[in-house]
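See structure below.
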Amino acid sequence: MAEKFDVVVIGAGPGGARAARRCAQRDAQVALVEKEFIGGTCLNWGCIPLKVLLASAHTLLSAKRAAEIGIDISSATPNWHKIQQRKDAIVAGFRKAMTATAKAHKIKVITGWAVVNKPNQIKVESDGQSIDIGAERIILATGSKPIELANIPFDGQTVISSKEALSLPQIPKSMIIIGGGVIGCEMACVYAAMGTKVSIVEALSRLLPMEDEWVGRLIEREFKKLGIDSTTGIKVTSVDTKTTPTKVVLEDGQTIEAEKVLVSVGRRPTVDKETVEALNLKMNGPTIVVNEKFETSVPGVYAIGDAVGTTFLAHGATTEAEVAAANATGVNRQMIDYGLIPRVIFTFPEVASVGKTEDACKAEGIEISVGKGFFKGNGRSVAHNETAGQIRVVRENSANRIVGITMVGSIATEFAAFAATLIGLSPEKLGQITYPHPTISETIEDAVIDAFGPF
Ligand SMILES: Cc1cc2nc3c(=O)[nH]c(=O)nc-3n(C[C@H](O)[C@H](O)[C@H](O)COP(=O)(O)OP(=O)(O)OC[C@H]3O[C@@H](n4cnc5c(N)ncnc54)[C@H](O)[C@@H]3O)c2cc1C
């Protein structure tokens, strides 16, 4: 007899793990099936390992600039082996913690490849063995994988994805990054700090094209100071790995060379084909179609996270998990407000934004006033010798409310959740907030006052 569960979650990334925990907290019998490692992309090949490398990179850059604030350090050099060891140990530690959390919530973690045969039946394959498990409800949280360019296939050695870039055996002398989006720009910061000659090639007209134009330009200027070359508005046509160093050919015939080529042009949902066919799941290209409860076209089968292609962010996946888990355990919860999910980019300097961008408002013909605050005028930023960047608050004039905030500067990501709480607040409420002194948050106050005038 197949073991039966109230809810089976497939994929133990941030989305799946959160969904499993919430269902268990509502007293459901839960199984969490994972083909590889608990924590998914985020813990094993994404957010966490990349932030660990960025932390080492940031410390190295600070050490090199320490003399500017009166600290003489004779030399600061990266020990790549130790950096990698630390990263692996941190990842392993969090895997252990997540496994313990699952156990504490009586979630049965099953290792194997899951295929849904029918709305209530899942086949799990592992080491040539196959078991069937039953489920009243299913949550698909199967994540995503890097997009591979047809003319520049990954070889795992020279032409690599973000996964290999996190664990290179040595610091390369040079690296070309195809794609100036979030992951490409964060990787550029890691390797440029470590001493790699980094060149980014971005097909669109600026770096970080999903953000406002001024953000991409500011980041490009700051990247120049780190020694990162950015070529924008041009495509790579081919890569020749037979030569050493590898040759990358651009649309205009220009050739650039590097030891490694990181292709970072976005991610594509991972959705098991057999499952899609067996359930006849409604798809929109590679993504699973869901309704406002995150239920797929098959009642009782939910989908969340990168698999539904909404935010491609870990905290987007966990927010969706909250809604799907509620509905899968009999609590009626509707769609979330994507306008309140912050976007965070851990570059040097960092970028964080929430709500509508200035460019999007202009494109939609919304009348806005933009207030600005500058890090170079902020006491804490000056004290810390981190003065690059600015904060822009976008106020919709007719509603007299903030509709978006974009921040570029040191630890800007830490203010993203606070910025989200300002969206839609009345001027009376905005005027009641006291910003502690001296903190970077006072730059937000400057931008709010600049957008609204004195309260
Ligand atoms: C380098 C990098 C850096 C990133 N940095 C950030 C960041 O700083 N902040 C942020 O918010 N986001 C970041 N992201 C994005 C973030 O990692 C993803 O948005 C997030 O992991 C998505 O969570 P998920 O639960 O949907 O899927 P995933 O984390 O991808 O997990 C899906 C899991 O499902 C498993 N699986 C798939 N199919 C099956 C199957 N049939 N059977 C069993 N198991 C299966 C996979 O093995 C995987 O473990 C980063 C991504 C990358 C690549």
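Rounded to two decimals, what is Rg over Rh for segment 3-126 when you use alpha-carbon atoms and the Kirkwood radius?
Ratio of gyration radius to Kirkwood radius for segment 3-126: 1.20.
Out of residues 5 or more away from GLY180 or on other chains, whose amide H comes under 5 Å of its own, with H placed 1.01 Å from N in the peptide plane?
Placed amide hydrogens put ALA203 under 5 Å from GLY180.
Given Cβ point charges of +1 (Lys, Arg) and -1 (Asp, Glu) and nothing else, what value in debye, to the nearest 20, does the dipole of segment 121-197 about its Cα centre take?
Charge dipole, segment 121-197, about its Cα centre: 340 debye, nearest 20.
Roll a 1.4 angstrom probe over the protein heavy atoms and tell me the percent of accessible area of the chain that is carbon or sulfur.
Using a 1.4 Å probe with all protein chains present, the chain comes out at 52 percent carbon and sulfur.
With helices defined as uninterrupted DSSP H runs, which ones in the chain have an alpha carbon span along their own long axis of at least 18 Å and mean Kyte-Doolittle hydropathy of at least 0.5?
Length and hydropathy pass: 47-64, 182-194.
Only Lys, Arg, Asp and Glu count, each charged at its Cβ (+1, +1, -1, -1), so figure out the dipole size of the chain about its Cα centre, rounded to 20 debye.
860
Find the accessible area per residue for segment 275-317; the probe is 1.4 Å, ligands and nucleic acids are left out, and the unit is Å².
40
With every protein chain present, what is the per residue accessible area of segment 98-228 (1.4 Å probe, Å²)?
Accessible area per residue, segment 98-228: 44 Å².
What length, rounded to one decimal in nm, is gained on full extension from GLU68 through to ASN117, with 0.36 nm per residue of separation minus their alpha-carbon distance?
The span from GLU68 to ASN117 would gain 11.3 nm if fully extended.
Taking the full set of protein chains and a 1.4 angstrom probe, give the accessible area of PHE346 in square angstrom, rounded to the nearest 10.
50
Could you bin all the Cα-Cα distances of the chain into 10 Å bins starting at 0 and give me the percent of pairs in each, rounded to whole numbers?
The calculated distribution, bin by bin, is 4, 19, 26, 26, 19, 6, 1, 0.
Which listed residue (PHE223, THR275, ILE288) has the Cα farthest towards the positive end of the charge dipole for segment 208-344, taking +1 on Lys and Arg C-beta and -1 on Asp and Glu C-beta about the Cα centre?
PHE223
Under a cut-off of 20 Å between alpha-carbon atoms, report the aspartates and glutamates in cross-link reach of LYS376, not counting same-chain residues fewer than 8 places apart.
Straight-distance partners of LYS376: GLU68, GLU220, GLU222, GLU350, GLU386, GLU414, GLU442, GLU445, ASP446, ASP450.
Compare the peptides 47-54, 427-434 by average per-residue count of other Cβ atoms within 10 angstrom and give them in order, highest first.
Result, highest mean first: 47-54, 427-434.
Given segment 239-337, report the % of alpha carbon pairs whose separation exceeds 24 Å.
43
For segment 141-155, in order, what is each residue's ³J(HN,Hα) by Karplus, 6.51 cos²θ - 1.76 cosθ + 1.60 with θ = phi - 60°, in whole Hz (x at glycine and Pro)?
9, 8, x, 8, 9, x, 6, 9, 7, 4, 8, 9, x, 5, 10
Given a Förster distance of 30 angstrom, what is the FRET efficiency for LYS235 paired with LYS145, based on the Cβ-Cβ distance and rounded to 0.05?
With a Förster radius of 30 Å, E is 0.85.
What GluC sites (Glu not before Pro) in segment 277-315 are in a loop by DSSP, with at most 13 other Cβ atoms within 10 Å of the Cβ?
Within segment 277-315, the qualifying GluC sites (Glu not before Pro) (loop, at most 13 other Cβ atoms within 10 Å) are GLU292.
Could you do me a favour and compute the accessible area per residue for segment 332-398, 1.4 Å probe, result in Å²?
Heavy-atom SASA per residue in segment 332-398 reads 47 Å².
Out of all DSSP beta bridges in the chain, what portion is antiparallel? Express it as a percent rounded to 5.
60
Evaluate the Debye formula for segment 182-249 with equal point scatterers sitting on the alpha carbons, no solvent, and hand back log10 of I(q)/I(0) at q = 0.13, 0.14, 0.18, 0.19 Å⁻¹, in q order, two decimals.
Those come out to -0.39, -0.45, -0.71, -0.78, one per q.
When the Karplus curve 6.51 cos²θ - 1.76 cosθ + 1.60 is applied with θ = phi - 60°, which whole-Hz ³J(HN,Hα) does each residue of segment 370-383 get, with x for Gly and Pro?
10, x, 10, x, 10, 5, 5, x, 9, x, 5, 5, 5, 4
Bin by bin, in steps of 10 Å, what percent of the Cα pairs in segment 337-395 do you find, going until the bin that has the longest distance?
Pairs per bin, as whole percents: 20, 42, 31, 8, 0.
Give the Cα extents of segment 344-447 along the principal axes, in whole Å, largest first.
Sorted largest first, the three principal extents are 39, 29, 21 Å.
Taking the mean number of other Cβ atoms within 10 Å as a proxy for protection, how do you rank 257-267, 5-15 from highest to lowest?
Highest-to-lowest ranking by the protection proxy: 5-15, 257-267.
Quick one: how many lysine pairs in segment 143-249 have C-alpha atoms under 28 angstrom apart, if they're 8 or more apart or on different chains?
Lysine pairs meeting the criterion: 29.
Based on Cβ point charges of +1 for Lys and Arg and -1 for Asp and Glu, what charge dipole magnitude is obtained for segment 287-343 about its Cα centre, in debye rounded to the nearest 20?
It works out to roughly 20 debye.
Would you rank MET187, MET283 by solvent-accessible area, highest first, keeping every protein chain in place and using a 1.4 Å probe?
MET283, MET187
Can you grab the distance from the C-alpha centre of segment 254-328 to the C-alpha centre of segment 372-415, Å, no decimals?
What the calculation gives is 32 Å, centre to centre.
The values are calculated or read from the model by the stated rules, or taken from the named source; none is laboratory data. Note that this is a predicted model, so its numbers are computed, not measured. Backbone-built Cβ (ideal geometry, glycine too); neighbour counts: all protein chains shown. Accessible surface is based on the protein model in full, side chains and every heavy atom, while ligands, DNA and RNA are left aside. Shrake-Rupley method; radii C 1.70, N 1.55, O 1.52, S 1.80 Å.
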